[in-house]
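Just below is one structure, and these are the notes that go with it.
The values are calculated or read from the model by the stated rules, or taken from the named source; none is laboratory data. Source: prediction; values computed, not measured. Cβ coordinates were reconstructed from backbone atoms using ideal geometry, including for glycine residues, and neighbour counts include every protein chain displayed. For accessibility, only protein heavy atoms count, side chains too; no ligands or nucleic acids. Shrake-Rupley method; radii C 1.70, N 1.55, O 1.52, S 1.80 Å.
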Amino acid sequence: MYASREDIGYDFGKDSKIGSKPIKPNPNIDGGWAWVIVFSSFLVHILIMGSQMALGILNMEWLEEFNQSRGLTAWVSSLSMGITLIVGPFIGLFISMCGCRMTAIIGGILNALGWILSAYASNVHYLFLTFGVTAGIGSGMVYLPAVVMVGQYFQKRRALAQGLSTTGTGFGAFLMTALLKYLCTEFGWRNAMFIQGAISLNLCVCGALMRPLSPKELCEKYVVKSDSEENQAKTLSHSTETVKSNGALGEEPEKREEAANEEVLGSVQHPENGGKSGSGRSMYGLRLFKTVSQLSVTVRKGFALWYSSYFGAASLFTNRVFVAFVIWALFAYSSFVIPFIHLPEIVKQYNLSRQDNVFPLTSIIAIVHIFGKVILGIISDLPCISTWNVFLMANFTLVTCILTLPLMQTYVGLAVVCALIGFSSGYFSLMPVVTEDLVGTKHLANAYGIIICANGISALFGPPFAGWIYDITQKYDFSFYIAGLLYMVGIIFLLIQPCIQKKQPREKSTEEAQV
């Protein structure tokens, strides 16, 4: 493994002393309103990710109602989960232009609308559009801001804060499984989805709590030194330095453009202040022009940041470790999603429904998942522990459990494996921390958007693939084996790239010594 975080060849925000130094602490960083942000993110994870983890209940109802194949029906859940994550890069554009608060509020309305419209579904294809696409896009518009805001408000205790907020997934999976099961039994699945849509409107409240940090507060989190002598002393890898430099590439043009717009707005304000004798219509026109000008500046700056992150010279994809991270994400998430969607069917096949009704296996995963996120977050925040190593160990444990699960055919055996899956999947709380360490706080929204987009592709094709394999073999065993092997390929990419990054600076220094 790796002795320290620096060994994998990139700059870690909280440990690196090169190019930045902490200054007078802000009460809202690592405290104060930061904990309100954690609570808001916690509720978002309950209402979005928790609900999606409980879709196995609705999946069984849809199978009975519409009489379609397991593979086709599983696409409804997969579309919802997948689109929630796939839209991440585009939600990054919304965040750059509108901010996290406005993006989350709009997403909450869209998510609730998707649930409510799905209550009137006449076939599976109708659910593809209403639940899969509409509710999925709405979920994505709330989920990404919830993660990004926690990263902005915390510096010293990032892993713990992300761990606490993302435990909402575990709580939500446990609560929503019980709630949806009760609602479907008492009122039918259609009314259950209508009620869930009304509950989802609380996402708008969560979004309203996401108060943005002022530029001054962001500067107080880190002060970046622009001294050329210190820049020459940096020992970062080439790929990471390119991504970090992205913030400086468009700074001067942005400042010049902002100054020009200020002059225009100033000229608008002069007549506004001194033109009391003017007509009300001209005053209204001036105010409208001022508002449109400010909005156009905001949109252009947001789009410029988003575009440069993905397609500019300082693209995030020039960071090889980040690219390896994206490849890993393409295979990883389906291994976690498949058990949630298909475990109820597996339990029914093994005639374990009586035990599962007492304590569902999905609830075991959800409950232990809560402890896994908190414990792994606390461990990762210890000064002597590498977050990267904890992340890798949790991945190895999870892929082992996925490959072992088909061998268990008793309730006790399945319960033990599900508990290990729940604990090891707690590494999800470390994903934003590792991403921020790779690219920095400024690019966290865009970078994490790419990561969850890759996760979304994995979630989109994983459950339908498992259902398709079942339709062919009448077993779920091969689905877990193939998913586990693909997951292992992703982990191998994570192991290879840091080693390459580590060797490159040494090779360069050897060449310079020879010259």
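So the values come out like this:
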{"quantity": "Some residue of the range 378-387 being surrounded by fewer than 20 Cβ atoms within 10 Å (Cβ to Cβ), of a type in the set (S, T, Y) and in a loop (DSSP other than H, G, I, E, B)", "calculated": "no"}
{"quantity": "Subset of the range 119-135 (residues that are assigned to a helix (DSSP H, G or I) and open to solvent by 20 Å² or more (accessible area, probe 1.4 Å))", "calculated": "H125, Y126, F128, L129, V133, T134"}
{"quantity": "Test set (1) touching a Leu at 6+ places or on another chain (Cβ under 7 Å); (2) within 19 Å of L376 (Cα to Cα) - A419 fails condition number", "calculated": "(1)"}
{"quantity": "Members of the range 157-176 found to be in contact with a Gly (Cβ under 6 Å, 6 or more places away or on another chain) and closer than 12 Å to I364 by Cα, listed by number", "calculated": "A173"}
{"quantity": "Wholly within the range 29-114, helices (runs of 4 or more DSSP H) carrying at least 2 residues that are among the small types (G, A, S) and modelled with pLDDT of 85 or more", "calculated": "33-45"}
{"quantity": "Among (1) more than 28 Å from A161 (Cα to Cα); (2) of a type in the set (A, V, I, L, M, F, W, C); (3) surrounded by fewer than 24 Cβ atoms within 10 Å (Cβ to Cβ) - the single one I105 does not satisfy", "calculated": "(1)"}
{"quantity": "Options G172, G138: the member that is assigned to a helix (DSSP H, G or I), at pLDDT below 90 and of a type outside the set (A, V, I, L, M)", "calculated": "G172"}
